[in-house]
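Since every read-out is calculated from the coordinates, none of them should be taken as a lab result. On a predicted model such as this, the values are computed, not experimentally measured, just so you know. In this analysis, Cβ positions are derived from the backbone assuming ideal geometry, glycine residues included, and neighbour counts consider all displayed protein chains.
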Amino acid sequence: MTRILVVGDTHVRQWDDTHPALREAIRDADIAIHCGDWVTMDAVEGFRAEARQAVVVHGNSDYTEVRRALPYRQMIEVDGVRIGVTHPAWAGPEPEPEALLHDFPPDEYGKLDIVAYGHIHVPLDLKRDGVHYINGGQGYPSFRVPGTIGWIETTPGGLFTIRIEVFAQHS
């Protein structure tokens, strides 16, 4: 079994300001996915240093240096499970999650099993038309909103489970 952490929208300038429980989850994961909105390269470098294996994309709130250093989207395959990772920069009303498939043209990426994404700060585990969509929510606790993460557990042969977890409440 491979344990994959899905987090995004951490919005920290210094990695040391990241919640300790999130940092522990990153270290516990076999693969740690960050779906964008870090803000600074210090956050990116801290995440990469703590993760056994990191998969990262940039978000719409990231400084220019982060946007230049990180891709907008990535795709990984783990145990036969194909996962697309992105951070859409939607303006106005948010479209349905299926709109994210436009970022992963099938002729270039093949069929995806899961799309992991950031931006909305709301945890989501949804399946539509054979594709699972996961948003870890908000990678930090704030006033009345807990810090949340997602987990994908894969097993060889393309089998997987998804769950959302609260890792911290605002104190």
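Structure data summary
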| read-out | value |
| --- | --- |
| Dipole-positive endmost among Ile4, Ala51, Ile83 within segment 1-94 (Cβ charges, Cα centre) | Ile83 |
| Nearest-0.05 FRET efficiency for Phe143 and Glu77, computed from C-beta distance (R0 35 Å) | 0.35 |
| Scaled radius of gyration (Cα, divided by 2.2 N^0.38 Å) that segment 2-168 gives | 0.95 |
| Part-to-part distance (alpha-carbon centres) for segment 153-171 and segment 11-40, which is given in Å | 15 |
| Simple spin-label estimate for Arg163 and Asp17 in nanometres, 7 Å along Cα-Cβ | 3.2 |
| Nearest-0.05 FRET efficiency for Thr155 and Thr64, computed from C-beta distance (R0 41 Å) | 0.55 |
| Tilt relative to the chain, helix 41-50 - C-alpha long axis, 0 to 90 degrees, to 10 | 70 |
